[in-house]
Amino acid sequence: MTDPLSAAVPLSLADGPLFGLPLPELWFALVFAVLGTFLFLDGFDFGVGVLFATRGTDGEREQLLAAIGPFWDGNEVWLVVFGGMLFAVFPEVYATLFSRHYLLMFAILGGLILRGLAPEMYEQRHDEAWQRRWGQAFVVGSIASPFFLGVFVGNWLFGVDGMASIASLLVGLAVVSLTVVDGAAYLGVKTRGDVRLETRSFGYLAQVVYLLAAVAALVVGSRSAAHVDLFSLPTLGLLGVTVVLAGGYVAASRAERHYLAFAAVAGQVYGLVALVATLLFPLVDPVTGLEISDAIVSTLPLNLSSIGAALLLPLVVSYFVVLYSAFSGPVDEGESYG
């Protein structure tokens, strides 16, 4: 009699997918889930960087830098994980997508470098002109990084084979706006007093801009991208959930339920990425017409990558749990980044 467990496990990693799982589709979902994690976690760093421009005193600016100081460089790990996963399981998509948009890749990296370098330089000298210049650089990097990332995602979604389109520029605007909402919600958790109250109003404004820009991008992009079906049930469902979460963010923030407001923003971020994945599926690169089943690597490397992800991702998640636990709690005015 055959042991059911041994029958479920392939005799060789090259014989078939592990445990008969739909690994291509699962990896497609995982790649976008990791992208969403980066956009959410580094998104509040970007948003705080944008809101840095609204602060009028040295104490408030230092408070904002201290709020993200322990986290921003760790949050960028998820962008590396996204790129690594795309390369590991969809290498042809990685090659064609990144080569088509290599200037955008450099723009994203340039924004990230500027965003990371500026706070360090800001703290080196307590000279008004010096700190003003590096403070401005911090804001520019915090806007440029999510904007160019949004343009890249828009090009990917709408199959743009050039630098940008009107639709992808609108996606860039939407992503910047969403990071401001994310940053305002994060500061609701991490700060008190005037900073919390005043940045909250910018969050409300950015929430409206995000909804308008996202809808405009979908309407404009759908005219040139036949695979983008705005009226499918999943698309309408995700759009409806996003509107509900936007209202939930505003209501929770006004009720001083800041963790709930932050969770509502997280739902919107993952909802945006889920919408992109839903509109693409089963395509993984509209320009080349590659579908998931065509672009995925062969069985053996796919199974090995799946085993590696199952072992490593829990470790990465555990690290972030420890990191955020160690630096939990609000940051008071007067605390410094250094």
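The residue list LEU300, LEU279, LEU272 contains one member that is surrounded by fewer than 20 Cβ atoms within 10 Å (Cβ to Cβ), aliphatic (A, V, I, L, M) and in a helix (DSSP H, G or I), which is LEU300.
Could you please let me know if ARG257 is touching a residue at least 24 places away in the same chain (Cβ under 8 Å) and basic (Lys, Arg)? The answer is no for ARG257. Residues in region 228-249 that are exposed (fewer than 12 other Cβ atoms within 10 Å of the Cβ) and not in a helix (DSSP H, G or I): 1 in all. For the residues ALA252, ALA225, ALA206, the requirement of being touching a Phe, Trp or Tyr at 6+ places or on another chain (Cβ under 8 Å) and either surrounded by 17 or more Cβ atoms within 10 Å (Cβ to Cβ) or more than 30 Å from MET105 (Cβ to Cβ) (or both) singles out ALA225. ALA263 satisfies every condition listed in (1) within 19 Å of the chain's Cα centre (by Cα); (2) surrounded by fewer than 14 Cβ atoms within 10 Å (Cβ to Cβ); (3) without any contact (Cβ under 8 Å) to a residue 24 or more places away in the chain except (2).
So which residues in region 40-89 are within 15 Å of GLU120 (Cβ to Cβ), under 12 Å from the mean Cα position of the chain (by Cα) and either among the aromatic types (Phe, Trp, Tyr) or not in a loop (DSSP other than H, G, I, E, B) (or both), if there are any at all? Once the filter is applied, which keeps residues that are within 15 Å of GLU120 (Cβ to Cβ), under 12 Å from the mean Cα position of the chain (by Cα) and either among the aromatic types (Phe, Trp, Tyr) or not in a loop (DSSP other than H, G, I, E, B) (or both), region 40-89 yields only ASP45. Taking the listed residues ARG196, ARG257, the one that is within 24 Å of PHE52 (Cβ to Cβ) and either touching a Lys or Arg at 6+ places or on another chain (Cβ under 6 Å) or surrounded by fewer than 19 Cβ atoms within 10 Å (Cβ to Cβ) (or both) is ARG196, with no other qualifying. The single condition from (1) surrounded by fewer than 18 Cβ atoms within 10 Å (Cβ to Cβ); (2) without any contact (Cβ under 8 Å) to a residue 40 or more places away in the chain; (3) over 15 Å from the mean Cα position of the chain (by Cα) that TRP134 fails is (1).
Since every read-out is calculated from the coordinates, none of them should be taken as a lab result. None of these values were measured; they are calculated from a predicted model. Here the Cβ is made from the backbone with ideal geometry for all residues, glycine too, and neighbour counts use every protein chain on show.
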